[in-house]
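See structure below.
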Amino acid sequence: KGIKHGDIVIKQVIVETGWLKAPFLMSRNNLFGFRSTKYIRFKSWKSSVDYYKKWQDKYYTNDKEDYYKFLIRIKYASAKNYTSYLKRINYNRSCR
């Protein structure tokens, strides 16, 4: 089973990496800004996505919960307007 709410998750990648241009996270293959005490370094982008999937499976346990509200509840990001940023992102879905 794949990642849930893929459209929102793609927007998270866009926000976290500045449209895949943030050298700090990109050099770590860290598409989602994951950190423990420091930012996590992944072997590949795929590893970063796999980590997100495991994280999502662990914490997003109610498929009926609005995903934006979930991100707020779980305190995914420290930015107060994080979900507002996500909602404003427009990308060409035909790129998938």
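The values are calculated or read from the model by the stated rules, or taken from the named source; none is laboratory data. These numbers were taken from a predicted model, which means no experiment stands behind them. Here Cβ is always computed from backbone atoms with ideal geometry, including for glycine, and neighbour counts include all displayed protein chains. Accessible surface areas use protein heavy atoms only, side chains included; no ligands, DNA or RNA. Shrake-Rupley method; radii C 1.70, N 1.55, O 1.52, S 1.80 Å.
Tell me which of Ser48, Asn90, Leu71 sits at the most positive position along the dipole axis of segment 45-96, charges placed on C-beta atoms (Lys, Arg +1; Asp, Glu -1).
Value computed over the given set: Asn90.
Over the chain, what is the relative contact order in whole percent, taking alpha-carbon pairs under 8 Å and six or more residues apart?
Working: 61 pairs, mean separation 22.7, N = 96.
Relative contact order here is 24 percent.
How large is ³J(HN,Hα) for each residue in segment 8-17, as worked out from phi by the Karplus curve 6.51 cos²θ - 1.76 cosθ + 1.60 (θ = phi - 60°), to whole Hz, x for Gly and Pro?
The phi angles translate into 6, 5, 4, 5, 4, 4, 4, 5, 5, 9 Hz.
Just to confirm the filter: which chymotrypsin sites (Phe, Trp or Tyr not before Pro) across segment 1-58 are DSSP coil and have at most 14 other Cβ within 10 angstrom of their Cβ?
Sparse-neighbourhood loop chymotrypsin sites (Phe, Trp or Tyr not before Pro): Trp19.
Placing +1 at every Lys and Arg Cβ and -1 at every Asp and Glu Cβ, with all other atoms neutral, what dipole size does the chain have around its Cα centre, in debye to the nearest 20? Write down the numbers at each step before the final one.
Values: 22 positive and 7 negative charges, 35 e Å.
So the magnitude is around 160 debye.
Counting only helical runs of four or more DSSP H residues, what would the 222 nm mean residue ellipticity of the chain come to if each run contributes -39,500 (n - 2.57) and the total is spread over all its residues? Walk me through the intermediate numbers first.
Values: 5 runs with 45 residues, N = 96.
Computed ellipticity for the chain at 222 nm equals -13000 deg cm²/dmol.
Using the heavy atoms of the protein chains alone and a 1.4 angstrom probe, what is the accessible area of segment 1-86 per residue in square angstrom? Mind showing how you got there, number by number?
On the way: 5620 Å² over 86 residues.
Heavy-atom accessible area per residue stands at 65 Å².
How long are the semi-axes of the equivalent ellipsoid of the chain, defined as square roots of 5 times the Cα gyration tensor eigenvalues? Whole Å, largest first.
Details: eigenvalues 74, 53, 42 Å².
Listed largest to smallest, the semi-axes of the chain are 19, 16, 14 Å.
I'd like the carbon and sulfur percentage of the solvent accessible area for the chain, probe radius 1.4 Å, heavy atoms only, ligands and nucleic acids excluded. Walk me through the intermediate numbers first.
Details: 3520 of 6690 Å².
Here carbon and sulfur together make up 53 percent of the probe-accessible area.
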